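The values are calculated or read from the model by the stated rules, or taken from the named source; none is laboratory data. Not measured: the values here are computed from a predicted model. We place every Cβ from the backbone using ideal geometry, glycine too, and count neighbours over all the protein chains shown. Keep in mind that these areas ignore ligands, DNA and RNA; they rest on the heavy atoms of the full protein, side chains included. Shrake-Rupley method; radii C 1.70, N 1.55, O 1.52, S 1.80 Å.
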Amino acid sequence: MRRPLWILLSVLLLAAAWFLVATLDHDERSRDERSRLAALALGNGPARPALAETPAPRAALEADGAAASKAKSRQSGVLEADPETLVALCGRVVDEQSGLGVEGMRLSFLSRRPRTAVVETGPDGSYCTECVLSCGVVSVMHLPDPGDPRFDARWTVEPAQFLLRSDVEAPLRHLDISVRSPAQVLEVQVAHADGSAGSASNVSLVWGDRSSAGGFDVLGRDFQLADAHGRARFALAGEPPEGRLFELEAEFSGGEVSDALALTAPLVPRPNRLDLYTGGSLTVRCTNDRGEPLAGVSLWLASADPSRAPRGRVGDTDASGEFRFAPLASGCWSVHAVHPLTGESVLGECDLPRGAQRTLGLQLGLANLQPGVRGVVLDELDRPLGGVPIRVRNGNSAPVTIQSGAEGRFEYWGLASAGIELSAGPGFLDDDFVPPRMEVPFGTSGVQIRRAGHDEPLSYAVECVSRDTGERVGDATLRLLTEEPLATEQRFSAPGGVTQILVPRSRHVLYAVEAAGYKAAQGELSDAIEARRGGVLRLELEPGFQTDFEVRDRVTRRAIEGARVWLERVQLASSDAQGHVHVELDEWPAALRIECAGYALREWDPRSLGERAGEVLLEPLSPR
């Protein structure tokens, strides 16, 4: 009797299991169908393909709508993080000239969320990303494909940056993208010493203009990986102006390098070649006055040739007082070494033949110096805090920067003075320290600097628009400034009038924005944050021209008084005792003329603010 009962129970259990599986499968199909219908309702999302077609990947429409947890701020008010909403992006990629869809092109989308969405366009140029893009500023670029002759050089993408607003509920957004094939391609062949192709070599391109002092003013950089044939192709947006400088270099597997190849526009259509060879090495050995190894010395290595494009490497000496730079191309290399106890730098140079190994000895001493201040940096829980930059001003000398060690301790040596001024973490996004600034007598020990707390900075999307039309301005520059006790500044470029900024939570921040064709605008960043819509800060600029700058001697950097600023035959202003000039016009001028007795006449393009922003340098006619 027990056996038939057991068999009956087994049959009932199997029937229940089958019913449960069937129910779950039906629910899953129902959810898929609801997602498909939602996609169709949200801006022509991907529909279910016919059986004869190849199914295209669909966007995941279940957006991560959960807001990111808000980090606790030490300051109440409007500086709060916006909820993070993830969206998908669909649309078409069309050729700018023909207006036809471009199939088979790979695009990379990058938002502030640290994940890149890569898509390949389908028939008629259609594309659709996954639901991984954060609202705010999103960048898009073409990924070259060495295996496809159509796309082996990078195409220009418009818009290269755009905004995704957070006040739109749809998790699927629509954006059509215009692309343009490169007007000119700079191609270079990379080869090993045995003549074989230098495939997978890292090739760098730097372009710029020659400065008035003979240096290389960098305008841009690009990097490519050589294909299986050792070929790297760089797309140029247009015909480069005459005199434009280009410099190419290659490196392979951390052991082989090439010499720099310098080119000047107009570029002649000819084969360019970079030959790899075993790179050399330069070991920097730092010692103190007694010849003992000096650890913790900050090193900066760069080419000693001022006409070369600026490139550099950094390092810190170890317990043996050494650091090895490799691989290096042949040439003259300069090394700046900063003493960890004084903040003063020592310069050394070394000629490095091809493939050679050299050692450069530098002595950084404390002769005639005394301990000026000793102390420790602690966090908010009184734990030692290493790696904190500390700005030190000894008497009337120029400020230097030292750094707290692994145990949080710091020490400064210098010439005896009336007193020392200290400030920790003086960067724009650095944490706040207490006290923010202190003055102590020379020779003080036992100084304690504490971090007030640690908050992650806030991120906001910004768009710069014309006050008259509401349309976005062209390329703009946005400066964010904090006031005393620690005045700091951070710059953000805004191509197409949009950018993403990082803001410290607990500081009073001001902004200043400039764009060609518009007057500069300033204000309180908190006002713009409070008025934001869709997570986007809107900064308005008034058409016209308004600028403030200083006129200085290029050699001595001193301010020049009495320099006159002309627009054609009309004098607009002259510099005061501090070299300051203020100019305001209804329209943006093509160029201004600046003249002063004893200096060469300067034609100044307001779009270029000299060697430093807000500064115009005049060349003296005779040595001063």
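Numerical summary
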quantity	calculated
Highest average packing first - 344-351, 503-510, Cβ atoms within 10 Å	503-510, 344-351
Square roots of five times the Cα gyration tensor eigenvalues for region 354-450, Å	26, 20, 13
Fraction of accessible area attributable to carbon and sulfur, region 217-348 (%, probe 1.4 Å)	53 percent
Heavy-atom surface of region 493-615, accessible at 1.4 Å and reported per residue (Å²)	49 Å²
Stokes-Einstein D (µm²/s) once Rh is taken as the Kirkwood radius of region 88-193 over alpha-carbon pairs, at 25 °C in 0.890 mPa s	167 µm²/s
Rounded percent of accessible protein surface that carbon and sulfur make up, region 460-562, 1.4 Å probe	41 percent
Solvent exposure of region 323-375 as accessible area per residue, Å², 1.4 Å probe	49 Å²
Bins of 5 Å, starting at 0 and running to the largest distance - Cα pair percent for region 412-463	4, 16, 22, 17, 15, 11, 6, 4, 3, 2, 0
Equivalent ellipsoid semi-axes - Cα gyration tensor, region 414-511, angstrom	38, 14, 9
